[in-house]
1. Keeping to the range 132-173, report how many residues are in contact (Cβ under 8 Å) with a residue 24 or more places away in the chain, assigned to a helix (DSSP H, G or I) and more than 16 Å from the chain's Cα centre (by Cα).
2. Looking at (1) over 17 Å from the mean Cα position of the chain (by Cα); (2) under 21 Å from Val181 (Cα atoms); (3) in contact (Cβ under 8 Å) with a residue 40 or more places away in the chain; (4) part of a loop (DSSP other than H, G, I, E, B), which is the one condition that is false for Leu118?
3. Take the residues in the range 75-101 that are of a type in the set (Phe, Trp, Tyr) and either surrounded by 13 or more Cβ atoms within 10 Å (Cβ to Cβ) or not in a helix (DSSP H, G or I) (or both); name whichever of them is modelled with the highest pLDDT.
4. Would you say Tyr117 is modelled with pLDDT of 95 or more, in contact with a helix residue (DSSP H, G or I) (Cβ under 9 Å, 6 or more places away or on another chain), closer than 29 Å to Ala39 by Cα and of a type outside the set (A, V, I, L, M, F, W, C)?
5. Keeping to the range 60-74, report how many residues are surrounded by 12 or more Cβ atoms within 10 Å (Cβ to Cβ) and outside any loop (DSSP other than H, G, I, E, B).
6. Tell me, please, whether a residue that is within 19 Å of Ala165 (Cα to Cα), in contact (Cβ under 8 Å) with a residue 40 or more places away in the chain, under 23 Å from the mean Cα position of the chain (by Cα) and not in a loop (DSSP other than H, G, I, E, B) can be found in the range 46-54.
Amino acid sequence: MVEETPRGFAETAPSAGMPPALRRLIKAIDTFTDWTGKAVGWLTALPLVFVVVYEVVRRYVFNDPTVWAFDISYMLYGSLFMLGAAYALLHQGHIRTDILYERWSPRVQGLVDASLYLLIFFPGLLFFLLAGWQKTAHSWSIAETSELSPWRPILYPFKAVIPIAMGLLLLQGISEFVKAVYAVLRGRRP
């Protein structure tokens, strides 16, 4: 069985100059992000599809809509969107002005990436992680439920997705930052 290596890291000659500890760190983070991204995709997408199909059949075939399908679908979709952010970062799925970026040398790309990670990405994620943690702790302490639905589903597990997603994204950001610094120092991507 061939093990698939995530996009962000390759065991090739260009990464040979990287210290083995950093190489192992990047590979471990990228592999973990790849695995969690796929797991989150399957664990949320399948129930989401089931809920939406169930609601459509109940609503349009039997003229008997559910009171809970909308709430479950937005919670599952929100979880999928947030928990998939680290996976998207690993596979370069976020929006970037590639028209300029692709024309730059790997060293300039790495310099821009490393600078933006330090100035914007990490401070922003730390803020969201701390704020999300506070909101989640409060939500759990009061056993928060939705005020917008007659079903009043619990919200605290859904709110816990925020700090978890920020933690996963922060972890993958560390890997991407190390790759960017390597590109600045070596003039090539690992």
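1. Residues meeting the conditions: 3.
2. It fails just one condition, (4).
3. Among them, the one singled out is Tyr87.
4. yes
5. Total satisfying the criteria: 6.
6. Within the range 46-54 (the criterion being within 19 Å of Ala165 (Cα to Cα), in contact (Cβ under 8 Å) with a residue 40 or more places away in the chain, under 23 Å from the mean Cα position of the chain (by Cα) and not in a loop (DSSP other than H, G, I, E, B)), the answer is no, since none of the residues qualifies.
The values are calculated or read from the model by the stated rules, or taken from the named source; none is laboratory data. No experiment lies behind these values; they were computed from the predicted model shown. No Cβ is skipped: glycine too gets one built from the backbone with ideal geometry, and neighbour counts run over all protein chains shown.
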